[in-house]
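Only one structure is covered here, and it is reproduced in the block below.
Computed from the coordinates by the stated procedures, all read-outs in this text should not be read as laboratory data. Computed from a predicted structure; not experimentally measured. Every residue, glycine among them, receives a Cβ derived from its backbone with ideal geometry; neighbour counts consider all protein chains shown.
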Amino acid sequence: MFNLTAKQEASILKVAKGKQSISAKDYRNAINSKKKKSPSRSITSGGLRQNAILKPQQKRREFSFVFTIEEIAKNKEYLFALKGKHLSTNSVNSLSFKDKLRYKTSIKNSILEAALIYRKLIPKKAFQKVVITPTTFQSRSRDDDNLHATSKIIRDSIVNIGFVVDDKRENLKQEATEEVISKDWKIEISLHVL
């Protein structure tokens, strides 16, 4: 239970009705208040409305990516690069549902834009067998599990835009992910046709 003064309760209820915003300082004061200037009332934190009232507003996360495709050797080798701050598996899992959806959608949209820009590089017939080698560029080292979150999205998109028939093991073999410590956040995937 939160013990609030009548003035604090009125302030929080105004926020709930959308009439004004509440600062972080006012929020902390309302929760941690021990002074009782006027008779206080109790609000239980069990209800959804009370939880929504007492939680500070979270910032909406924005994600920006640029995807490029280069042909290294004619119909034999390609280089895909996703530039932008890619997240680890743990970071993606800790996002809210809307932010997670926004993250994945922004990557997929950048890949679809690249598919339109580089449509001349997309083969007329999808390749049957390929080997890909992902390389991640990031500011600090990550364990192997966390390196695969974004490369999985790129892998699926390479299939969707028509480079590979399917992402099954017999069609798409993935070598170990290489890691480069750099301030330039990107993921490069080299694709070699067998």
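Structure notes:
- About its Cα centre, the dipole of region 66-193 is roughly 460 debye, where the only charges are +1 on Lys and Arg Cβ and -1 on Asp and Glu Cβ.
- The modelled label-to-label distance for the pair residue 168/residue 156, using points 7 Å beyond Cα in the direction of Cβ, is 1.9 nm.
- Packing rank of 106-117, 152-163, where each peptide gets the mean count of other beta carbons within 10 Å, highest leading: 152-163, 106-117
- Extension gain, residue 106 to residue 144, is 11.3 nm, computed as 0.36 nm per intervening residue step minus the present C-alpha separation.
- Segment residue 184..residue 72, full-extension length gain: 38.2 nm, with 0.36 nm per residue of separation and the alpha-carbon distance subtracted.
- Cross-link table 98/129; 100/124; 76/124, entries beyond 25 Å C-alpha to C-alpha: 98/129; 100/124
- Reachable aspartates and glutamates from residue 168, criterion Cα separation under 16 angstrom, eight or more residues apart if same chain: 156
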